[in-house]
1. Could you please let me know if A2 is farther than 27 Å from K126 by Cβ, modelled with pLDDT under 95 and hydrophobic (A, V, I, L, M, F, W, C)?
2. Can you tell me which residue in segment 33-45 is surrounded by the most Cβ atoms within 10 Å (Cβ to Cβ), limited to those that are aliphatic (A, V, I, L, M) and in a loop (DSSP other than H, G, I, E, B)?
3. Are there any pairs with C-beta distances below 6 angstrom linking a residue in segment 79-105 that is more than 16 Å from K42 (Cα to Cα) to a residue that is of a type in the set (K, R), with the two at least 6 apart or on different chains, and if so which?
4. Looking for whichever is at pLDDT 95 or above, open to solvent by 60 Å² or more (accessible area, probe 1.4 Å) and acidic (D, E) here; the options are D80, D48. Which one fits?
5. What number of residues within segment 1-35 are hydroxyl-bearing (S, T, Y) and closer than 16 Å to E49 by Cβ?
6. Which number in (1) buried (at least 17 other Cβ atoms within 10 Å of the Cβ); (2) in a strand (DSSP E or B); (3) on the phi > 0 side of the Ramachandran plot marks the one condition that N56 misses?
7. Of all the residues that make up segment 1-32, how many are free of Cβ contacts under 8 Å to residues at least 40 places away in the same chain and crowded, with 17+ Cβ neighbours inside 10 Å?
Amino acid sequence: MADFVLIHGDTVQFVGAFGPASVIVQPGQIKGTGAATVNGKKMCVDGDEKKVEVKNCVYTAGVYSIPGTGTLKIAALAGDQKAQKTQTGGKAVLLKGSQFTASFEVQSPAKQPPPGPGAPVPDPNKKYSGQGSFQTTNSKFTGS
């Protein structure tokens, strides 16, 4: 099924729920590196999603209520987000599609307040999984 092709500068929107972690998400942008353009902006192609990073997002996770920080990334595209037929420069173009799998990589762990005297206990998890989607400004060119 045809869907809109992603172009340089399109918004990457993450969902705030990453399993037990709650992330204060910020939107990211995807940079297009394809040979072809739409409205003067390069199309996004297979591999461009791997370069999306939104750093310094604040999170908490359950009992770890003292906020920590981390980086949002795209872990894997959904099957409907990479064109099967449409290509530019020999690479499949990326499509708006449904939802991709996102990852939240902890840089500074959230901490659990200590039950008594002592230091707060850091969150042992280094990564959480979640979801996200693309918002495109392209309303003309589709791929399949």
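The values are calculated or read from the model by the stated rules, or taken from the named source; none is laboratory data. Note that the structure is predicted; figures quoted are calculated from it, not measured. Cβ placement follows ideal geometry from the backbone for every residue including glycine, while neighbour counts extend to all protein chains displayed. In case anyone asks, the SASA skips ligands and DNA or RNA and just uses the protein heavy atoms, side chains included. Shrake-Rupley method; radii C 1.70, N 1.55, O 1.52, S 1.80 Å.
1. Numbers: farther than 27 Å from K126 by Cβ: yes; modelled with pLDDT under 95: yes; hydrophobic (A, V, I, L, M, F, W, C): yes.
Judged against the criteria, A2 is a match.
2. The first filter runs over segment 33-45 and keeps only residues aliphatic (A, V, I, L, M), leaving 35-36, 38, 43, 45.
Cutting the leftovers down to in a loop (DSSP other than H, G, I, E, B) gives us 35-36.
Details: A35: 12, A36: 16.
Filtering segment 33-45 for residues that are aliphatic (A, V, I, L, M) and in a loop (DSSP other than H, G, I, E, B), the one surrounded by the most Cβ atoms within 10 Å (Cβ to Cβ) comes out as A36.
3. S103/K73; S103/K127; E105/K127
4. So the residue among D80, D48 that is at pLDDT 95 or above, open to solvent by 60 Å² or more (accessible area, probe 1.4 Å) and acidic (D, E) is D80.
5. 2
6. Evaluating N56 over (1) buried (at least 17 other Cβ atoms within 10 Å of the Cβ); (2) in a strand (DSSP E or B); (3) on the phi > 0 side of the Ramachandran plot leaves (1) as the failure.
7. Total meeting the criteria: 3.
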